[in-house]
Amino acid sequence: MIAVVDYQKGNLKSVERGLIAAGGEALITADASEIAKADAIVLPGVGAFADAAATMCELGQMEAIRDRVRAGVPFLGICLGEHLMFEHGVEGAPEGNPACGLGLLPGTVVAMPRCDAQGKAFKVPHVGWNTIEMPACNGSKLAFACPLFDGIAPGEYFYFTHSYIAPTGSHTIAETTHSVRFTSAVQYGDRAFGVQFHPEKSSDAGARVLANFVAIAARG
């Protein structure tokens with residue numbers, strides 16, 4: 001059973017349908033006790049970091065998810081769900097006082113720059129199709145080593161819609177460029193992942209990512 005966490009925001013049904021189409025058994029739930037019993041967890045992403053984090057804390061979801069992921073339960077954070085894997089986020093928080101996330105990964109999620117290093121302006125939010133690359137692939141088409149991206153080659157297109165970006169570090173397993181080169185996928189441990197893009201909106205490539213996650217979850 002894959003718990004799709006309902007923190008009173010966004011695209012739960014499309015994520016649930018994507019997981020079921022990939023062969024998974026999914027349950028949308030806001031109940032922390034159900035999340036604590038799930039075989040795998042998906043944290044979808046629509047909304048602001050601070051608001052989502054506050055709701056998750058109020059409902060007991062934050063502690064339940066953190067405990068289960070640290071215990072090795074498969075996890076997938078999508079868009080805001082990826083952001084919430086980090087220690088802090090500024091979106092929707094008072095200036096100088098970022099909100100606390102799950103704290104699985106180090107750093108703070110910040111606003112995407114509206115200009116590149118040369119001063120060229122870019123549209124923010126970043127909305128639409130863009131490619132993902134491995135941090136060290138240097139333009140090669142070698143396959144991703146991460147099991148979440150099994151069958152996905154660097155340079156594949158996925159659908160993005162976001163205004164904030166996660167910090168880059170040793171946790172970064174894919175990057176994308178829009179004004180800056182930013183983290184578009186992360187990994188924590190062996191079976192916890194976050195993606196900046198929306199796999200449930202990313203056609204065949206997104207369906208493959210969800211299928212890969214279902215396969216990871218099925219391995220127990």
Inset, instruction - Scan the range 189-205 and give yes if some residue there is under 25 Å from Ser14 (Cα atoms), modelled with pLDDT of 95 or more and touching a Leu at 6+ places or on another chain (Cβ under 6 Å), otherwise no. - result: yes
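Among the candidates Gly81, Gly77, Gly45, single out the residue that is in contact with a Cys (Cβ under 7 Å, 6 or more places away or on another chain) and within 20 Å of Leu19 (Cα to Cα).
Numbers: Gly81 fails: in contact with a Cys (Cβ under 7 Å, 6 or more places away or on another chain); Gly77 fails: in contact with a Cys (Cβ under 7 Å, 6 or more places away or on another chain).
Step by step, each of Gly81, Gly77, Gly45 is checked, and only Gly45 is in contact with a Cys (Cβ under 7 Å, 6 or more places away or on another chain) and within 20 Å of Leu19 (Cα to Cα).
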Legend entry - Long-range neighbours under 8 Å by Cβ, at least six apart or interchain, first residue under 14 Å from Glu200 (Cβ atoms) within the range 5-19, second among the aromatic types (Phe, Trp, Tyr) and not in a strand (DSSP E or B): Leu19/Phe213
Legend entry - Among (1) surrounded by fewer than 19 Cβ atoms within 10 Å (Cβ to Cβ); (2) on the phi < 0 side of the Ramachandran plot; (3) within 16 Å of the chain's Cα centre (by Cα); (4) touching a residue at least 24 places away in the same chain (Cβ under 8 Å), the one test that Pro44 misses: (1)
Legend entry - Cross-chain or 6+ apart pairs with Cβ under 6 Å, the range 208-220 first and modelled with pLDDT of 95 or more and crowded, with 19+ Cβ neighbours inside 10 Å, then of a type outside the set (Asp, Glu) and in a helix (DSSP H, G or I): Val209/Pro199; Leu210/Gly18; Leu210/Leu19; Leu210/Pro199; Asn212/Leu148; Ile216/Pro147
Legend entry - Selected residue (criterion: nearest to His198 (Cα to Cα)) from residues of the range 11-26 that are surrounded by fewer than 16 Cβ atoms within 10 Å (Cβ to Cβ) and in contact with a strand residue (DSSP E or B) (Cβ under 8 Å, 6 or more places away or on another chain): Lys13
Inset, instruction - State which residue is surrounded by the fewest Cβ atoms within 10 Å (Cβ to Cβ) when the search covers only the range 83-92 and only residues that are touching a residue at least 40 places away in the same chain (Cβ under 8 Å) and on the phi < 0 side of the Ramachandran plot. - result: Val90
Inset, instruction - Give me the pairs, please: first residue somewhere in the range 93-118 and surrounded by fewer than 21 Cβ atoms within 10 Å (Cβ to Cβ) and assigned to a strand (DSSP E or B), second residue anywhere and of a type in the set (D, E, K, R) and modelled with pLDDT of 95 or more, beta-carbon distance under 9 Å, and either six or more positions apart or on two chains. - result: Cys100/Glu87; Pro106/Glu87; Gly107/Glu87; Thr108/Glu87; Val110/Glu91; Ala111/Glu91
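Counting only residues that are assigned to a helix (DSSP H, G or I) and either surrounded by fewer than 20 Cβ atoms within 10 Å (Cβ to Cβ) or β-branched (Val, Ile, Thr) (or both), how many does the range 168-204 have?
Selection size over the range 168-204: 3.
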Inset, instruction - List the number of the failed condition for Val209; all other conditions in (1) in a helix (DSSP H, G or I); (2) out of contact with any helix residue (DSSP H, G or I) (no Cβ under 7 Å at 6 or more places or on another chain); (3) within 26 Å of Gly89 (Cα to Cα) hold. - result: (2)
Inset, instruction - List every residue pair whose Cβ atoms lie under 8 Å apart, where the two residues are 6 or more positions apart in sequence or sit on different chains, the first residue falls within the range 140-167 and is farther than 17 Å from Gly194 by Cβ and part of a strand (DSSP E or B), and the second residue, located anywhere, is of a type in the set (S, T, N, Q) and at pLDDT 95 or above. - result: Tyr157/Asn130; Tyr157/Thr131; Tyr157/Ser202
Inset, instruction - Kindly indicate whether any position in the range 69-82 is surrounded by fewer than 17 Cβ atoms within 10 Å (Cβ to Cβ), on the phi > 0 side of the Ramachandran plot and modelled with pLDDT under 95. - result: no
Inset, instruction - Tell me which of these Gly72 doesn't satisfy, since it passes every other one: (1) in contact with a strand residue (DSSP E or B) (Cβ under 7 Å, 6 or more places away or on another chain); (2) over 14 Å from Met1 (Cα atoms). - result: (1)
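The values are calculated or read from the model by the stated rules, or taken from the named source; none is laboratory data. What you see is a predicted model; the values in this text were computed from it and never measured. Cβ: placed from backbone, ideal geometry, glycine included. Neighbour counts: every protein chain shown.
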